[in-house]
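Participant: Sharing a structure, written as structure tokens. Questions coming.
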Amino acid sequence: MKKLIAGNWKMNMNREDAIKLAFSLVSFASESPKIDDKCDILLCPPFTYISQVKEICKDSVISVGAQDCSFHENGAYTGEISANMLYDIGCNYVIIGHSERRQYHGETDDIVLNKVCAARQEGLISIVCIGETKEERDKKKHEDIIISQLAASIPDGMNSQNIVIAYEPVWAIGTGKTASPDDVFDMHKLIRSELKSRFSDGSDIRILYGGSMKPDNAKQLLSIENVDGGLIGGASLKADQFTSIIQKA
Ligand code: 13P
């Protein structure tokens with residue numbers, strides 16, 4: 001399966017840095033012939049920079065997405081951004097249910113499911129994040145957590161064209177600690193088997209790994225069976241690091 005390398009910029013960058021980074025990545029992509037035969041590239045900037053980054057990427061193979069959306073279609077929801085607004089400014093993807101949103105904004109599986117439905121309605125591809133905390137892993141509950149998050153946050157009837165799963169162990173995010181290759185293998189295998197048992201094209205749904213993926217561990221992580229790409233935080237903010245990960249993919 002073609003890999004997807006996605007940069008989640010989170011709440012980082014200013015306008016000038018966002019523009020510079022986008023230009024660097026576009027020139028990298030244009031100098032890398034047929035790169036899109038081997039790998040899809042996605043940038044998810046903060047809402048305020050999406051339009052500008054999209055404009056810079058418009059003639060390139062790089063896609064642009066958002067980090068969240070509302071589950072409401074429109075209306076009196078101060079501060080919210082709808083899936084239709086994202087579609088309207090050229091987004092193809094939206095990250096939903098990142099652990100930082102689950103943790104700091106109280107997003108439940110049910111909210112995540114409703115957001116995925118809203119994104120699907122607008123033709124956006126949802127990247128749904130799942131992952132266990134350190135405490136859950138220590139108590140050996142990680143497999144149960146993943147199974148229940150998958151069951152409760154993914155609506156029925158999804159397919160490989162409108163959903164991507166990102167396995168992001170919470171304890172590996174921004175900590176410099178990655179899950180061991182054996183753990184990644186086991187968790188991705190489990191996710192694959194759940195997807196296959198629920199969706200007719202479950203074997204084609206991409207499963208990304210996220211959590212301290214860097215140039216020096218990307219090759220190993222991306223070569224594990226059922227790892228179909230990466231969702232990258234810190235290393236996506238530096239052009240040299242992000243392009244190095246893309247090259248490994
Ligand atoms: P880091 O790559 O900074 O660990 O972040 C991973 C992540 O949360 C991507 O969504």
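Coordinate-derived values only; no laboratory data. Bear in mind that the values here come from a model prediction, so they are computed numbers and not experimental data. Note that each Cβ is placed from the backbone with ideal geometry, even for glycine, and that neighbours are counted across all protein chains shown.
Participant: In whole Å, what is the distance between the alpha-carbon centres of the range 40-85 and the range 184-223?
Facilitator: Between the Cα centre of the range 40-85 and that of the range 184-223, the gap is 25 Å.
Participant: Evaluate the distance, in nm, between pseudo-label points positioned 7 Å from the Cα of His72 and of Lys20 along their respective Cα→Cβ axes.
Facilitator: 3.8
Participant: Averaging the inverse of every distinct alpha carbon separation and then flipping it gives the Kirkwood radius. What is it for the range 80-214, in angstrom units?
Facilitator: 15.1
Participant: Right, another one. Considering all projection directions equally, how large on average is the shadow of the alpha-carbon convex hull of the range 1-134, in square nanometres?
Facilitator: That works out to 9.2 nm², a quarter of the Cα hull's surface.
Participant: Moving on. Could you work out which residue, out of Gly97, Gly234, Gly202, moves most in a Gaussian network model of the chain, that is, has the largest mean-square fluctuation with Cα springs under 10 Å?
Facilitator: Judging by the Gaussian network model, the answer is Gly202.
Participant: For the range 143-184, I need the span (max minus min coordinate) of the C-alpha atoms along each principal axis, in Å, sorted largest to smallest.
Facilitator: Computed over the Cα atoms, the extents are 35, 23, 19 Å.
Participant: Let me ask you something else. Residues of the range 52-76 with backbone nitrogen within less than 17 Å of a virtual label 7 Å along the Cα-to-Cβ line of Asp110, please, listed as ranges.
Facilitator: Those under the cut-off are 71-72.
Participant: How large is ³J(HN,Hα) for each residue in the range 127-134, as worked out from phi by the Karplus curve 6.51 cos²θ - 1.76 cosθ + 1.60 (θ = phi - 60°), to whole Hz, x for Gly and Pro?
Facilitator: 9, 8, 8, 9, x, 8, 7, 4
Participant: Would you calculate the volume per residue, in Å³, of the smallest convex hull containing every Cα atom of the range 155-249?
Facilitator: 98
Participant: Can you tell me which of Ile19, Ile205, Ile146 moves the most in a GNM of the chain? Springs connect C-alpha atoms under 10 Å apart.
Facilitator: Ile19
Participant: How large are Rg and Dmax for the range 1-76 when only the alpha carbon atoms are used, in Å?
Facilitator: Answer for the range 1-76, Rg first and Dmax second: 13.6, 46 Å.
Participant: Follow-up question, since we're still on this one. Run the simple label-point estimate for Ser200 and Ile89 please: 7 Å along Cα→C-beta, distance reported in nm.
Facilitator: 3.6
Participant: With a 10 Å cut-off between alpha carbons and a GNM built on the chain, which of Ile127, Ile207, Ile154 moves the most?
Facilitator: Top of the fluctuation ranking is Ile154.
Participant: What value does the chain have for Rg/Rh, both radii from Cα atoms and Rh as Kirkwood defines it?
Facilitator: Reported Rg/Rh (Cα atoms, Kirkwood Rh): 0.94.
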